[in-house]
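**Student:** I have a structure I would like to understand better, so I am pasting it below and will then ask my questions one at a time.
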Amino acid sequence: MEGDGGEKGRHALGEALGRLGRRLFPRREAQRDITGEVFEDSAPGVSEARAREWALVLSARGIPHGLSRDGELWRIRAPVRYAAQAVEEIRAYIRENRADETGASRLPRPIPARGVAWAMAGLCLLFVFLISDPVVFGKRLNFVRMGAGDTGAMLFSGQWWRAVTALTLHADMAHLVGNVAVGGLFMAFLCREAGVGTGFFLALAAGAAGNYLKAVVQGPGHHFLGASTAVFGALGVLGGLRTLCGMRGLSLRQAAPFAAGLMLLALLGAGDEEGGDKIDLAGHFFGFAAGMLLGVADGALMARRWRPDGPAVDRTLGAAAVLAVVLAWVSAWYGWSWR
């Protein structure tokens, strides 16, 4: 009997120590990253504010979870057995707050200063090279004469590549520095919303479309150059994206980005077109208008998830912008016709 009692005592002591050990050193469950499952888009991460908001939702529901930082973005994880429930709770929370649903995947992010700085530095070097009349293989090249905007050549000779090459040319260093400084500021905010590659692609598309409209509307006899059309195109894209973001019907608050863009266009893009420092008013206006349309269109596609997003798409669009500039200059070199 004493033996049985001692055996039971040792067994009870072992169980008590086991329970204490499990409480002090709980077994770590396997966790799953659910960040990209919420919107079913494999998102690389969300902002810190959004991640902590979701964490509060899960805490209120008693679902274990964890947060981790991945560069400038944050990720949320949950144990495998709770992952499906966690995703559904977050989705239910988003549905209940539908006013914020459209902007949930387009929250303000930190400005990608390094990417924008490298891109603008590369553009600045290209601009300087093109206006310096360099000597190549013993021949001095006048790129300004080769690729400057000429509405007559565009309309009658099919040289529509001038709509792109003119964006890379400037009258002098003051003109170049002004466009780079203002353009860098606009591009920083645009790239925060759309991504570096996508932002420069949209700005280039808006600038080229603005020059195209200028030729069609104004007719032959006009010459132009400078990146200012693309600069104001970037401003228009930014205004279009921010106007559409979170829109549910039209209101003064949602139209504020559009109004702000128009004010900046009036302040920075206007001047005496007949004066010594001639300003391309038509180019600024058409670039801004084209950019606004592109921004609204891109925002609508993104809101309805008809256009894929992510680093791969951003890099692809950035490469497409570079290839478009290269193709335009190759066409200028050989005098090709885009009919």
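The values are calculated or read from the model by the stated rules, or taken from the named source; none is laboratory data. Just so it is clear, the model here is predicted, and its values are computed rather than measured. Here the Cβ is made from the backbone with ideal geometry for all residues, glycine too, and neighbour counts use every protein chain on show. Calculation scope for accessible area: heavy atoms of the full protein, side chains included, ligands and nucleic acids excluded. Shrake-Rupley method; radii C 1.70, N 1.55, O 1.52, S 1.80 Å.
**Student:** Here is a list: PHE186, PHE201, PHE156. Which entry is in contact (Cβ under 8 Å) with a residue 12 or more places away in the chain, out of contact with any Asp or Glu (no Cβ under 6 Å at 6 or more places or on another chain), closer than 29 Å to ALA312 by Cα and open to solvent by 20 Å² or more (accessible area, probe 1.4 Å)?
**Tutor:** Checking each option against the conditions leaves just PHE201.
**Student:** Looking at segment 117-133, can you tell me whether even one residue there is at pLDDT below 85 and of a type in the set (A, V, I, L, M, F, W, C)?
**Tutor:** no
**Student:** Here is a further query. Kindly provide the set of residues from segment 286-316 that are surrounded by 19 or more Cβ atoms within 10 Å (Cβ to Cβ) and in contact with a Leu (Cβ under 7 Å, 6 or more places away or on another chain), ordered by number.
**Tutor:** Within segment 286-316, PHE286, PHE288, ALA290, GLY291, LEU294, GLY295, VAL296, ASP298, GLY299 meet the criteria.
**Student:** What number of residues within segment 66-90 satisfy the criterion of being more than 30 Å from ARG114 (Cα to Cα) and open to solvent by less than 60 Å² (accessible area, probe 1.4 Å)?
**Tutor:** Matching residues across segment 66-90 total 7.
**Student:** With the requirement that a residue be touching a residue at least 40 places away in the same chain (Cβ under 8 Å), in contact with a Phe, Trp or Tyr (Cβ under 9 Å, 6 or more places away or on another chain) and not in a helix (DSSP H, G or I), what does segment 107-142 give you?
**Tutor:** ILE111 - this is the single residue of segment 107-142 that is touching a residue at least 40 places away in the same chain (Cβ under 8 Å), in contact with a Phe, Trp or Tyr (Cβ under 9 Å, 6 or more places away or on another chain) and not in a helix (DSSP H, G or I).
**Student:** Now, a different point. Of everything in segment 317-332, what is touching a helix residue (DSSP H, G or I) at 6+ places or on another chain (Cβ under 8 Å) and either surrounded by fewer than 14 Cβ atoms within 10 Å (Cβ to Cβ) or more than 21 Å from LEU126 (Cβ to Cβ) (or both)? Give them in sequence order.
**Tutor:** ALA319
**Student:** Another question, if that's okay. Of the residues ARG32, ARG27, ARG75, ARG22, only one is out of contact with any helix residue (DSSP H, G or I) (no Cβ under 7 Å at 6 or more places or on another chain) and either at pLDDT 80 or above or in a helix (DSSP H, G or I) (or both); which?
**Tutor:** Only one candidate qualifies: ARG22.
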